[in-house]
1. Name the pairs: first residue in the stretch 168-187 and in contact (Cβ under 8 Å) with a residue 24 or more places away in the chain, second residue of a type in the set (Asp, Glu), Cβ to Cβ under 9 Å, at least 6 apart or on different chains?
2. Restricting the stretch 159-187 to residues that are surrounded by fewer than 19 Cβ atoms within 10 Å (Cβ to Cβ) and polar (S, T, N, Q), which is modelled with the lowest pLDDT?
3. If only one of Lys67, Lys22 is within 30 Å of Gln139 (Cα to Cα) and either in a helix (DSSP H, G or I) or not basic (Lys, Arg) (or both), which one is it?
4. Using beta carbons and a limit of 7 Å, which pairs, at least six apart or on different chains, have the first residue in the stretch 128-152 and free of Cβ contacts under 8 Å to residues at least 24 places away in the same chain and the second one surrounded by fewer than 15 Cβ atoms within 10 Å (Cβ to Cβ) and among the hydroxyl-bearing types (Ser, Thr, Tyr)?
5. All but one of (1) under 25 Å from Gly166 (Cα atoms); (2) surrounded by fewer than 20 Cβ atoms within 10 Å (Cβ to Cβ); (3) in contact (Cβ under 8 Å) with a residue 12 or more places away in the chain hold for Gln10; state the number of the condition that does not hold.
6. In the stretch 79-106, which residue that is aliphatic (A, V, I, L, M) and assigned to a helix (DSSP H, G or I) is nearest to Thr133 (Cα to Cα)?
7. If only one of Leu38, Leu74 is in contact (Cβ under 8 Å) with a residue 24 or more places away in the chain and under 18 Å from the mean Cα position of the chain (by Cα), which one is it?
8. Inspect all residues belonging to the stretch 118-135 and state whether any of them is within 27 Å of Glu53 (Cβ to Cβ), small (Gly, Ala, Ser) and buried (at least 19 other Cβ atoms within 10 Å of the Cβ).
Amino acid sequence: MRPQKIDDTQLIEGLMSILQSKGFEGASLNDMANATGLQKASLYHRFPGGKNEIAIMVLQFVHAWIKDHIYLVLTEKGVAPATKLQRAIQHIRQLYQNGEKSCILNALSLDSGLVVLGDEISKAMQLWIDAFTALGIEQGFTTAQAKSRARQSLVLIQGSLVLAKGLGDPGHFQKALSDVKLLFASE
């Protein structure tokens, strides 16, 4: 068996980049092959389920990323809440390249007609909300206040990415990151 020409992380990042920029319906297998450096036949070989399988795999990667870089960071024991929040914000900044990249959850939530994508998107968003809720509770907010702030953090980040892309100004994303910090400042 020949060695793979591209590792899994590079493959997923290339696929995610195309899905972020073109959405599920707009991305073709040719676009995906070009983004990964693979031949179209190699993509079919790795993903016999086509674009559906690719989108699910990308969303599973995003879920794992949220778990590792948001949830585990914000729920880590023995670390000051402000430090945890700063780390999570830095991870978010890197993921979205300072507001230059579109939100993959938004890109894949556009009418693909695939229920399974909605389920995966929901799981990823819920994990985000759970992580920020835990941080809010640790900061002394009631559970209801913490959940409200957690949902608001998701709205701020995802909404700012839409604004940054639509208006061509990543400053909206930078402002949202600052606003998330303020949401979780101790009262």
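The values are calculated or read from the model by the stated rules, or taken from the named source; none is laboratory data. The structure presented is a predicted model; accordingly, all values stated were derived computationally and were not measured. FYI the Cβ positions are ideal-geometry reconstructions off the backbone, even for glycines, and counts take in every protein chain you see.
1. Filtered contacts from the stretch 168-187: Pro170/Glu100; Phe173/Glu100.
2. Ser186
3. Selected residue: Lys67, the only one of Lys67, Lys22 that is within 30 Å of Gln139 (Cα to Cα) and either in a helix (DSSP H, G or I) or not basic (Lys, Arg) (or both).
4. Ile137/Thr143
5. Only one criterion is unmet by Gln10, namely (1).
6. Of the stretch 79-106, the ones aliphatic (A, V, I, L, M) are 79-80, 82, 85, 88-89, 92, 95, 104-105.
Within this subset, residues satisfying the condition of being assigned to a helix (DSSP H, G or I) are 82, 85, 88-89, 92, 95, 104-105.
Values: Ala82: 14, Leu85: 12, Ala88: 13, Ile89: 15, Ile92: 17, Leu95: 21, Ile104: 22, Leu105: 20 Å.
The selected residue is Leu85.
7. Details: Leu38 fails: under 18 Å from the mean Cα position of the chain (by Cα).
One residue alone meets the criteria, Leu74.
8. yes
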